[in-house]
Amino acid sequence: MNVLILGSGGREHCFAELISKSKSCDKLFVAPGNSGTSLVAENLDISPTDFDLVKRAIVQYNIQLVVVGPEDPLVRGIHDFIISDPILKGVKVIGPKQKAAQLEGSKDFAKNFLNRHNIPTAKHETFTNRQFEEACEYIDNNSPPYVLKADGLAAGKGVLIIDNPNQAKDELYQMLVKSKFGVASSSVVIEEFLEGIELSCFVLTDGKNFKILPSAKDYKRIGEGDTGLNTGGMGAISPPPFLGEDIKTKIEERIIYPTIKGFALDKLDYSGFVFFGLILVDENPYVIEYNVRMGDPETQVVLPRINSDFLELLNSVYTGSLRSHDLKVNENSAATVVMVSGGYPETYEKNMEIKGLDKVKKSKVFHAGVTKEKGVLKTNGGRVLAVTSLGENINSALETSYSSIRKIRFKNQYYRKDIGFDL
Ligand code: AMP
Ligand code: GLY
């Protein structure tokens with residue numbers, strides 16, 4: 001089978017590594033990919049949101065399966081686009097259709113889905129840009145901290161947690177009235193604050209059946225001790241050691257089953273990954289958010305723990321064999337530490353030469369913001385590399401990743417030295 005992966009991050013490099021090893025994979029393409037994916041696949045210089053160019057590539061390279069990495073093309077309807085085109089008949093897509101992708105594309109849509117299907121989540125109200133006064137009243141009538149969320153996609157920046165009521169109203173003004181996040185904040189969800197430990201769970205589903213993949217915990221803040229600005233993710237571990245059997249059962253019964261059942265009840269066509277962003281409050285799981293794709297850098301610890309054929313797993317979504325697929329998970333733990341360009345998630349410089357990757361023997365280095373120019377690897381983004389290791393436990397996996405990182409050099413490099421500090 002010929003496969004096209006859409007995306008250019010560490011997540012997509014990790015997908016490409018696994019899919020390229022599958023006995024079912026004939027030719028593998030990544031659009032646009034990065035220097036890492038070019039080692040195992042052919043990169044195509046195409047943006048995943050340029051649907052016409054994606055179509056052309058599918059035809060030209062006789063692609064049978066498209067794996068969508070990031071949320072943006074899904075929320076813009078790439079799945080619907082592909083299957084509604086007679087020329088692309090029979091092409092399979094991993095990633096939901098546009099209607100279901102709203103679970104990530106609209107916080108309000110997701111909250112209504114959760115409430116309709118009695119899935120535990122924080123209490124909320126949604127306010128549009130014509131309801132600024134009502135939103136302020138809500139602040140007055142509720143106690144801090146206030147969780148304000150731009151309804152639409154805001155590149156991970158649309159959530160604000162604020163203690164002071166006046167500051168919360170100022171922010172609401174910026175979001176609703178001054179379009180702080182563009183159209184994404186023309187509606188704002190205000191949510192009850194939940195206190196607890198976060199974790200990420202993943203399933204692959206055909207809309208009716210599902211396979212639970214390994215879970216993970218990621219570290220979103222830029223600074224050590226979980227301080228400073230939110231990022232895409234600075235590191236991750238799998239499995240979270242605090243995830244006991246009884247919590248797993250609660251997650252399956254209270255969250256995963258009703259979600260998949262909800263897809264059927266709401267006639268949401270779903271073929272792809274569901275990423276459950278969860279928070280455990282006194283060992284009870286609540287949904288903080290849905291994502292309609294895999295996480296980055298969670299993928300870089302989840303997939304390396306899968307020992308069975310990953311492409312066959314993806315294909316089973318379309319062959320009716322997902323339920324019977326024999327998913328083999330490695331008992332080892334995995335850790336990844338993300339190396340970023342100094343300044344990220346704010347402004348940073350690019351084009352720094354990356355050295356020392358050839359000296360890393362015990363970890364797998366996934367490329368994210370990296371390009372190759374005349375044979376030289378250079379930084380090309382905020383998150384540059386994700387250094388993944390396996391070990392008997394989280395600590396040994398982390399030790400290996402940190403010792404590998406010390407062999408890698410680029411100017412202004414930064415990474416958190418405390419991934420897993422809280423476990
Ligand atoms: P989200 O984009 O919805 O995942 O939110 C980003 C981050 O904000 C989450 O990973 C949590 O750390 C935090 N967060 C979101 N919603 C809540 C909530 N209701 N209570 C506490 N923290 C939250
Ligand atoms: N690491 C969080 C995300 O992929 O959304």
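The values are calculated or read from the model by the stated rules, or taken from the named source; none is laboratory data. Keep in mind it's a predicted model, so treat the numbers as computed, not measured. Here the Cβ is made from the backbone with ideal geometry for all residues, glycine too, and neighbour counts use every protein chain on show. SASA here: full protein model, heavy atoms, side chains in, ligands and nucleic acids out. Shrake-Rupley method; radii C 1.70, N 1.55, O 1.52, S 1.80 Å.
Summary table
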quantity	calculated
q = 0.06, 0.07, 0.14 Å⁻¹, the chain: log10 I(q)/I(0) [Debye, one scatterer per Cα]	-0.24, -0.32, -1.40
GNM top mover of ILE63, ILE82, ILE247 - the chain, alpha-carbon springs below 10 Å	ILE247
Inter-probe distance in nm under a simple model that places probes 7 Å from Cα toward Cβ, at LYS220 and LYS23	4.2 nm
Rounded to whole Å, sorted largest first: equivalent-ellipsoid semi-axes of segment 104-213, Cα gyration tensor	27, 16, 13
For q = 0.13, 0.17, 0.24 Å⁻¹, Debye-computed log10 I/I(0) when each Cα of segment 89-151 counts as one equal scatterer	-0.49, -0.73, -1.12
Accessible surface of the chain, 1.4 Å probe, proportion on carbon and sulfur as whole %	46 percent
Cα-based Kirkwood hydrodynamic radius, segment 1-146, one decimal, Å	17.5 Å
Whole-number D in µm² s⁻¹ for segment 365-423, Kirkwood Cα-pair radius fed into Stokes-Einstein, 20 °C, 1.002 mPa s	168 µm²/s
Residue-normalised accessible area of the chain, expressed per residue, 1.4 Å probe, Å²	44 Å²
Area of LEU114 that stays accessible when all protein chains are in place (1.4 Å probe, Å², to 10)	0 Å²
Selection from PHE202, ILE247, ASN166 lying farthest towards where the dipole of the chain points positive, charges on Cβ	PHE202
Projected-area mean, segment 180-315, by convex hull of Cα positions, square nanometres	10.0 nm²
Residue among SER106, LEU65, PRO145 farthest towards the positive dipole end of segment 56-148, charges placed on Cβ	LEU65
Percent breakdown of C-alpha pair distances by 10 Å bin, ordered from the shortest bin, for segment 268-312	22, 41, 32, 5
For segment 359-423 versus segment 230-259, the gap between their alpha-carbon centres in whole angstrom	24 Å
Cα centre as origin, Lys/Arg/Asp/Glu Cβ charges: segment 193-237 dipole, Debye	220 debye
Signed unit charges on C-beta, dipole axis of segment 298-382, positive-most listed residue THR371, SER333, GLY343	THR371
Two-decimal Rg to Rh for segment 282-342 - Kirkwood Rh, Cα set	1.05
